[in-house]
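The values are calculated or read from the model by the stated rules, or taken from the named source; none is laboratory data. Every value quoted in this text rests on a predicted model; they were computed, and no experiment measured them. Heads up, the Cβs are rebuilt from the backbone with ideal geometry, glycines too, and the neighbour counts pull from every protein chain shown. Quick note on the areas: whole protein, heavy atoms, side chains included, nothing else; ligands and nucleic acids left out. Shrake-Rupley method; radii C 1.70, N 1.55, O 1.52, S 1.80 Å.
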Amino acid sequence: MTRIVVVGDLMTDTVARAALPLVKGSDTPATVTMHGGGSGANIAAWLAEDGAEVALVGRRGPDIAGRTRDTELKGYGVDTRLAMDPERPTGTCVVMVTHKGNHTILSDPGANAALSPDDLPKDLFAPGAHLHMSGYTLLNEGSLSAAVAAMERALQSDMSISVDGGSAAPLERMGAEPFLELTGGATLLMVNEAQAAVLTGRDDPGRVLRVLTAWYPEVVVKLGPDGAVYASGRDQARVPAQPLEKLVDGTGGRDAFCAGFLPPWLDKKPPAEALVSGCRLAARALALVGGRPARS
């Protein structure tokens, strides 16, 4: 089993699920709950829950939230390597979910924005391991130097590297060319349709894949309810999404997909098999409130 090292963000998610259509300037009934979050932490939790050996490298505050999130991840089986920031709080997201399941996120990165190269444990960067770099760590100016250092160390250690696109709006703020140049050493890029459009300036799936495979040896584009597609050169595979009785909360679906795809991909399974595994975990995530696996 390949050890997966996730370098990424740790958050507390406050999820507000509206019972009715939102009313501007007035009140809307909602259910409000608190959950562990952060794309990097979510991916690590889903990986561990599904049986992978995984470590999470990140940064948290000295607060109760940080201690709670650390303990939660250990409960999933994640090897947490979280540096403690003496001043900044643990990151926080407000996730607003409409009555139809669509979501909008307001985020305060907190301690995540101070992740530094000094926070990267040397023992995790070793031949045979795999680095997954959360796009949010790359897209945050404060943690960018740590992200670049992590990828450089992974390359020096002969590790494989995968990168996800984070989120379309901050990706657009960074710009396509800087992101593509920074992540050029990655073997695998994982993005959704919106992120792919930002990186390529195109929305036709065929042209998107041609552009992205010119930069990366392998590319996965998540298509939401239409499943996902893999491309490497002229080789492609596409699978439909898993059946979903009801969309409860879109938070964490893309993170769960990454976690489902990576282990079979690292085991050299056929791309279609890895895509199916990604869609399987994504369907589980979409049927839950919050971005992490349910705990009994």
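Which of 137, 98, 28 moves the most in a Gaussian network model of the chain with Cα springs under 10 Å?
Its mean-square fluctuation being the largest, the pick is 28.
Against the globular-protein guess of 2.2 N^0.38 Å, express the Cα radius of gyration of region 7-95 as a ratio, rounded to two decimals.
Dividing the Cα Rg of region 7-95 by 2.2 N^0.38 Å gives 1.25.
Skipping prolines and chain starts, which residues have an amide H placed within reach, meaning under 5 Å, of the one on residue 38, given they are 5 or more residues away or on another chain?
11
What list of ³J(HN,Hα) values in whole Hz, one per residue of region 181-188 in order, does the Karplus curve 6.51 cos²θ - 1.76 cosθ + 1.60 (θ = phi - 60°) give from phi, with Gly and Pro shown as x?
For region 181-188, the Karplus curve yields 5, 5, 9, x, x, 6, 7, 10 Hz.
For region 43-49, what does the Karplus curve 6.51 cos²θ - 1.76 cosθ + 1.60, with θ = phi - 60°, yield as ³J(HN,Hα) per residue in whole Hz, taken in order and with x for Gly and Pro?
Running phi through 6.51 cos²θ - 1.76 cosθ + 1.60 with θ = phi - 60° gives 4, 4, 5, 5, 4, 5, 4 Hz.
At most 12 other Cβ atoms within 10 Å plus a DSSP loop assignment makes a site exposed; report the longest stretch of the chain without any exposed GluC sites (Glu not before Pro).
The longest uninterrupted stretch comes out as 142-244.
Rank 213, 272, 62 by how far each Cα sits towards the positive end of the charge dipole of the chain (+1 on Lys, Arg Cβ; -1 on Asp, Glu Cβ) and give me just the farthest.
Toward the positive end, the furthest listed residue is 272.
Quick one: accessible area per residue over the chain, 1.4 Å probe, rounded to a whole number of Å²?
In whole numbers, the chain has 45 Å² accessible per residue.
Quote the relative contact order of the chain in percent (integer), defining contacts as alpha-carbon pairs under 8 Å separated by 6+ residues.
Numbers: 697 pairs, mean separation 50.5, N = 296.
Once normalised by length, the contact order is 17 percent.
Taking the Cα centre of region 146-296 as the origin, how large is its charge dipole in debye, to the nearest 20, when only Lys and Arg (+1) and Asp and Glu (-1) carry charge on their Cβ atoms? Walk me through the numbers before you get to the answer.
Working: 16 positive and 17 negative charges, 75 e Å.
Charge dipole of region 146-296: 360 debye, to the nearest 20.
Taking the dipole about the Cα centre of the chain, with the C-beta of Lys and Arg at +1 and of Asp and Glu at -1, give me whichever of 46, 7, 22 is farthest to the positive side.
The listed residue farthest towards the positive side: 22.
Using only helices, what value at 222 nm comes out for the chain when you add -39,500 (n - 2.57) per DSSP H run of length 4 or more and divide by the total residues, to the nearest 500 deg cm²/dmol?
Value at 222 nm, helices only: -10000 deg cm²/dmol.
Could you tell me which of rounded, prolate or oblate describes region 143-221, using a ≥ b ≥ c as the square roots of the eigenvalues of the alpha-carbon gyration tensor, with rounded for a/c under 1.5 and, failing that, prolate when a/b is larger than b/c and oblate otherwise?
It comes out oblate by the Cα gyration axes.
Once the principal axes of the Cα atoms of region 31-151 are found, what is the range along each, listed largest first in whole angstroms?
For region 31-151, the Cα spread along each principal axis is 47, 34, 25 Å.
Can you compute 3J(HN,Hα) from phi for each residue in region 264-273, using the Karplus curve 6.51 cos²θ - 1.76 cosθ + 1.60 with θ = phi - 60°, rounded to whole Hz and x for Gly and Pro?
Computed from phi, the couplings for region 264-273 are x, 5, 5, 7, 6, 6, x, x, 4, 5 Hz.
Setting aside same-chain residues fewer than 8 positions from residue 122, which lysines have a Cα under 30 Å from its Cα?
Filter leaves 74, 268, 269.
Name the trypsin sites (Lys or Arg not before Pro) in region 141-235 that are in a loop by DSSP and that have at most 15 other C-beta atoms within 10 Å, would you?
202, 234
With an 8 Å cut-off on Cα pairs and a minimum separation of 6 or more residues, tell me the relative contact order of region 1-126 in percent.
29 percent
Considering only C-alpha atoms, what is the centroid distance from region 99-143 to region 203-248, in Å?
23 Å
Just the number, please: Stokes-Einstein D of the chain in µm²/s, Kirkwood Rh from C-alpha pairs, 37 °C, 0.692 mPa s.
Once the numbers are plugged in, D ends up at 173 µm²/s.
Among residues other than residue 282 whose Cβ falls under 10 Å from its Cβ, what is the net charge (Lys/Arg +1, Asp/Glu -1)?
+3
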